[in-house]
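The values are calculated or read from the model by the stated rules, or taken from the named source; none is laboratory data. This structure is a prediction, so every number in the text was calculated from the model and none was measured. Backbone-built Cβ (ideal geometry, glycine too); neighbour counts: all protein chains shown. Ligands, DNA and RNA are excluded from the accessible area calculation, which covers all protein heavy atoms including side chains. Shrake-Rupley method; radii C 1.70, N 1.55, O 1.52, S 1.80 Å.
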Amino acid sequence: MIGNRKVKASRERRTVAAGAPSSKSSNAMWGGRFTLGPAEIMERINASIGFDRRMYRQDIRGSIAHCEMLVKQGIVSAADGRKIIAGLRRIEGEIEAGNFTFSTRLEDIHMNVEARLSQLIGDAAGRLHTARSRNDQVALDVRLWVRDAIDRVEGLLRDLQAALIDRAEEHAATIMPGFTHLQTAQPVTFGHHLMAYVEMFGRDRSRFADCRRRMNESPLGAAALAGSPHPIDNHDTAKALGFDRPMANSLDAVSDRDYALEFMAAATICAVHVSRLSEEIIIWCSAPFRFIALSDAFTTGSSIMPQKRNPDAAELARAKTGRILGDFTALAVVMKGLPLTYGKDMQEDKEPIFDAADSLELSLAAMAGMVRDLKANDERMRAVAAADYSTATDLADWLVRSLGLPFRQAHHVTGRLVALAVSKGADLGALPLEDMQAIEPAITKDVYRALTVEASVAARANFGGTAPRNVKKAVAAARRRFLSERKSPT
């Protein structure tokens with residue numbers, strides 16, 4: 001305990017030396033306006049360093065771009081600019097090495113970095129904040145962080161699509177039951193089913209790309225809310241930070257969080273798609289279905305039932321959707337009543353953003369792993385696909401194509417034939433021809449060729465249909481659309 005106290009005291013001295021005020025002093029960051037130190041509860045509610053330290057790279061990157069612009073514009077000397085940039089790079093190295101002491105008394109990542117910079121280079125550090133406020137600084141940092149998160153999600157979505165496309169190609173002709181209302185409807189191919197998710201995740205990539213394109217404007221230069229009287233060039237900082245342009249209105253620049261809401265809305269929709277696929281994996285793994293199996297890598301056992309293999313990875317990915325939706329709702333409620341421009345309420349934007357991004361990234365990585373890991377039970381899927389009169393629609397379509405019956409009449413005839421098969425406990429393909437002709441005399445033996453599950457899926461060869469040859473074409477097209485090159489998120 002004594003040793004721990006010494007370590008803590010040493011860290012406190014380092015923090016104070018870095019510019020942090022003691023609890024009994026005034027807050028040095030606020031200057032002469034405030035004479036008393038913050039109450040402990042105020043310090044706790046006001047501080048965000050516990051979570052916004054994640055933005056240190058973005059904060060330092062933005063500060064370097066701002067400093068370089070100040071030097072170009074003659075607002076800060078070249079000598080001071082070199083000191084500032086060298087100090088910032090050293091701070092980044094300290095944080096990455098785990099040698100940086102964060103202080104809640106300095107509230108946030110911005111003040112922690114600035115205080116350490118002051119310790120390292122002295123008075124020159126104070127010039128960095130010229131023509132900048134924490135309002136446009138934090139708006140920049142969060143925007144940069146979300147943009148980076150979108151790029152990470154883009155890569156994960158692409159990888160998940162690649163996994164799905166590979167498995168779809170492998171199972172282009174593997175027959176499984178297609179469901180409506182979770183009841184056997186018509187035979188489809190497993191490859192076709194997996195390709196449906198390729199399309200869903202493709203739309204997700206598009207949504208994130210749209211979000212990135214819309215948000216790719218720099219708020220730096222808005223200062224507190226009204227802009228700056230200094231001869232700054234915020235076009236220069238926007239270009240240096242990879243933005244398309246600076247934001248057109250300083251009030252909007254510091255108060256906008258649309259991009260964060262849009263990111264989390266896209267994340268929520270994407271998470272819903274992950275959840276739907278998770279649900280299917282969970283169902284397919286269950287004993288009544290036995291369509292697929294997952295290895296030990298993505299399942300767990302039971303503490304009491306030794307026979308159990310639980311698809312926990314899929315269940316947890318399914319559950320993450322609730323968290324992501326909750327994160328979106330939380331920020332939407334925070335923003336809904338805020339007048340222009342900045343309110344401290346906006347400090348509550350970061351935790352839901354971080355949580356949504358973390359949850360989605362983990363879910364996407366887990367899903368790609370499960371797709372690559374799963375082993376399909378081809379025989380079981382075909383057997384279930386052939387049961388429950390799944391080729392009844394094929395019979396109706398044959399009556400239309402071969403006998404020229406109106407579809408409604410063919411539907412009625414098929415219904416009577418299904419009822420007959422049920423009464424006999426037989427499949428449609430096992431009904432004797434004379435029994436069929438007793439209901440519709442024009443039926444010929446050719447009807448039996450339409451009543452296999454292989455014939456059923458092969459017949460659906462229109463664009464977007466489940467025929468194996470279609471799946472192979474769809475796989476090739478998807479590789480070109482989604483995987484042929486690393487698409488730019490913009």
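Given the options ALA430, ALA478, name the one that is outside the structural domain of SER286 (by the TED database), surrounded by 20 or more Cβ atoms within 10 Å (Cβ to Cβ), out of contact with any strand residue (DSSP E or B) (no Cβ under 7 Å at 6 or more places or on another chain) and hydrophobic (A, V, I, L, M, F, W, C).
Result: ALA478 is the single residue among ALA430, ALA478 that is outside the structural domain of SER286 (by the TED database), surrounded by 20 or more Cβ atoms within 10 Å (Cβ to Cβ), out of contact with any strand residue (DSSP E or B) (no Cβ under 7 Å at 6 or more places or on another chain) and hydrophobic (A, V, I, L, M, F, W, C).
If you check ARG309, ARG245, ARG318, which single one turns out to be of a type in the set (D, E, K, R), within 21 Å of ARG203 (Cβ to Cβ) and either assigned by the TED database to the domain that holds ARG205 or open to solvent by less than 20 Å² (accessible area, probe 1.4 Å) (or both)? Full working, then the answer.
On the way: ARG309 fails: within 21 Å of ARG203 (Cβ to Cβ); ARG245 fails: within 21 Å of ARG203 (Cβ to Cβ).
From the options ARG309, ARG245, ARG318, the qualifying one is ARG318.
Looking at the stretch 276-287, which of its residues are polar (S, T, N, Q) and surrounded by fewer than 21 Cβ atoms within 10 Å (Cβ to Cβ)?
Within the stretch 276-287, just SER286 meets the criteria.
Mind listing whichever residues of the stretch 162-196 are in a helix (DSSP H, G or I), among the small types (Gly, Ala, Ser) and in contact with a strand residue (DSSP E or B) (Cβ under 9 Å, 6 or more places away or on another chain)?
ALA168, the sole residue that qualifies.
Consider THR341 carefully, then state whether it is touching a helix residue (DSSP H, G or I) at 6+ places or on another chain (Cβ under 8 Å), within 30 Å of GLY178 (Cβ to Cβ) and hydroxyl-bearing (Ser, Thr, Tyr).
no
Could we say that ALA260 is part of a loop (DSSP other than H, G, I, E, B) and more than 30 Å from MET381 (Cα to Cα) here? It would help to see each step written out before you state the result.
Working: part of a loop (DSSP other than H, G, I, E, B): no; more than 30 Å from MET381 (Cα to Cα): yes.
In short, no.
Pairs, please: C-beta under 6 Å, at least 6 apart or cross-chain, first residue under 17 Å from VAL274 (Cβ atoms) and in the stretch 153-174, second in a loop (DSSP other than H, G, I, E, B)?
Pairs that qualify, where the first residue is under 17 Å from VAL274 (Cβ atoms) and the partner is in a loop (DSSP other than H, G, I, E, B), are GLU154/PRO489.
Kindly establish whether ASP394 is touching a residue at least 24 places away in the same chain (Cβ under 8 Å), surrounded by fewer than 16 Cβ atoms within 10 Å (Cβ to Cβ) and either closer than 30 Å to GLU280 by Cβ or in contact with a Pro (Cβ under 6 Å, 6 or more places away or on another chain) (or both). Outline the logic, then answer.
On the way: touching a residue at least 24 places away in the same chain (Cβ under 8 Å): yes; surrounded by fewer than 16 Cβ atoms within 10 Å (Cβ to Cβ): no; either closer than 30 Å to GLU280 by Cβ or in contact with a Pro (Cβ under 6 Å, 6 or more places away or on another chain) (or both): yes.
No; evaluated as a whole, the condition is false for this residue.
Could you please find all residues in the stretch 128-166 being surrounded by fewer than 18 Cβ atoms within 10 Å (Cβ to Cβ), of a type outside the set (Ser, Thr, Tyr) and more than 20 Å from the chain's Cα centre (by Cα)?
HIS129, ASP166
List the helices (runs of 4 or more DSSP H) inside the stretch 424-487, counting only whole elements, that have at least 1 residues being over 19 Å from VAL413 (Cα atoms) and not aliphatic (A, V, I, L, M).
In the stretch 424-487, the matching helices (runs of 4 or more DSSP H) lie at 453-459, 468-478.
Residue check: is SER402 more than 43 Å from the chain's Cα centre (by Cα) and either surrounded by 16 or more Cβ atoms within 10 Å (Cβ to Cβ) or part of a helix (DSSP H, G or I) (or both)?
Values: more than 43 Å from the chain's Cα centre (by Cα): yes; either surrounded by 16 or more Cβ atoms within 10 Å (Cβ to Cβ) or part of a helix (DSSP H, G or I) (or both): yes.
Against the criterion (more than 43 Å from the chain's Cα centre (by Cα) and either surrounded by 16 or more Cβ atoms within 10 Å (Cβ to Cβ) or part of a helix (DSSP H, G or I) (or both)), SER402 qualifies.
Going by what's in this entry, would ILE269 be described as at pLDDT 95 or above, open to solvent by less than 20 Å² (accessible area, probe 1.4 Å) and either under 26 Å from the mean Cα position of the chain (by Cα) or among the acidic types (Asp, Glu) (or both)?
no
Just checking, which of LEU364, LEU360 is surrounded by 20 or more Cβ atoms within 10 Å (Cβ to Cβ), assigned by the TED database to the domain that holds GLU170, touching a Lys or Arg at 6+ places or on another chain (Cβ under 9 Å) and part of a helix (DSSP H, G or I)?
Details: LEU364 fails: touching a Lys or Arg at 6+ places or on another chain (Cβ under 9 Å).
When all the criteria are applied, what remains is LEU360.
Within the stretch 321-357, which residues are open to solvent by 40 Å² or more (accessible area, probe 1.4 Å) and touching a Phe, Trp or Tyr at 6+ places or on another chain (Cβ under 8 Å)?
Residue satisfying the conditions is GLU351 alone.
So which helices (runs of 4 or more DSSP H) stay within the stretch 36-87 end to end and still have 3 or more residues that are open to solvent by less than 60 Å² (accessible area, probe 1.4 Å) and closer than 18 Å to LEU144 by Cα?
Once the helices (runs of 4 or more DSSP H) in the stretch 36-87 are filtered for at least 3 residues that are open to solvent by less than 60 Å² (accessible area, probe 1.4 Å) and closer than 18 Å to LEU144 by Cα, what remains is 49-52, 56-72.
May I ask you to verify whether ASP159 is in contact with an Asp or Glu (Cβ under 9 Å, 6 or more places away or on another chain), not assigned by the TED database to the domain that holds GLY62, not hydrophobic (A, V, I, L, M, F, W, C) and not in a strand (DSSP E or B)? If you could, list the steps in order and put the result at the bottom.
Working: in contact with an Asp or Glu (Cβ under 9 Å, 6 or more places away or on another chain): no; not assigned by the TED database to the domain that holds GLY62: yes; not hydrophobic (A, V, I, L, M, F, W, C): yes; not in a strand (DSSP E or B): yes.
So ASP159 does not fit the description; no.
I need every pair where a residue in the stretch 118-145 that is of a type in the set (Ser, Thr, Tyr) has its Cβ under 8 Å from the Cβ of a residue that is open to solvent by 10 Å² or more (accessible area, probe 1.4 Å) and in a helix (DSSP H, G or I), sequence separation at least 6 or different chains.
SER118/GLY126
Would you confirm, using the coordinates I've provided, whether VAL400 is touching a strand residue (DSSP E or B) at 6+ places or on another chain (Cβ under 8 Å), on the phi < 0 side of the Ramachandran plot and not assigned by the TED database to the domain that holds GLU262?
Details: touching a strand residue (DSSP E or B) at 6+ places or on another chain (Cβ under 8 Å): no; on the phi < 0 side of the Ramachandran plot: yes; not assigned by the TED database to the domain that holds GLU262: yes.
No, not satisfied.
Select, from VAL453, VAL447, the only residue that is under 30 Å from VAL198 (Cβ atoms) and buried (at least 18 other Cβ atoms within 10 Å of the Cβ).
Just one listed residue meets the conditions, VAL453.
For the stretch 208-219, does any single residue satisfy the condition of being open to solvent by 10 Å² or more (accessible area, probe 1.4 Å), assigned by the TED database to the domain that holds LYS375, touching a residue at least 24 places away in the same chain (Cβ under 8 Å) and assigned to a strand (DSSP E or B)?
Among the residues of the stretch 208-219, at least one is open to solvent by 10 Å² or more (accessible area, probe 1.4 Å), assigned by the TED database to the domain that holds LYS375, touching a residue at least 24 places away in the same chain (Cβ under 8 Å) and assigned to a strand (DSSP E or B), which makes the answer yes.
Considering only the stretch 39-93, state which residues are at pLDDT 95 or above, farther than 20 Å from LEU220 by Cβ and among the hydrophobic types (A, V, I, L, M, F, W, C).
Residues satisfying the conditions are ALA78, ALA79, ALA86.
Specify which of the listed residues (ILE109, ILE150) is aliphatic (A, V, I, L, M), assigned by the TED database to the domain that holds TYR259 and closer than 23 Å to PRO219 by Cα.
Of ILE109, ILE150, the one residue that is aliphatic (A, V, I, L, M), assigned by the TED database to the domain that holds TYR259 and closer than 23 Å to PRO219 by Cα is ILE150.
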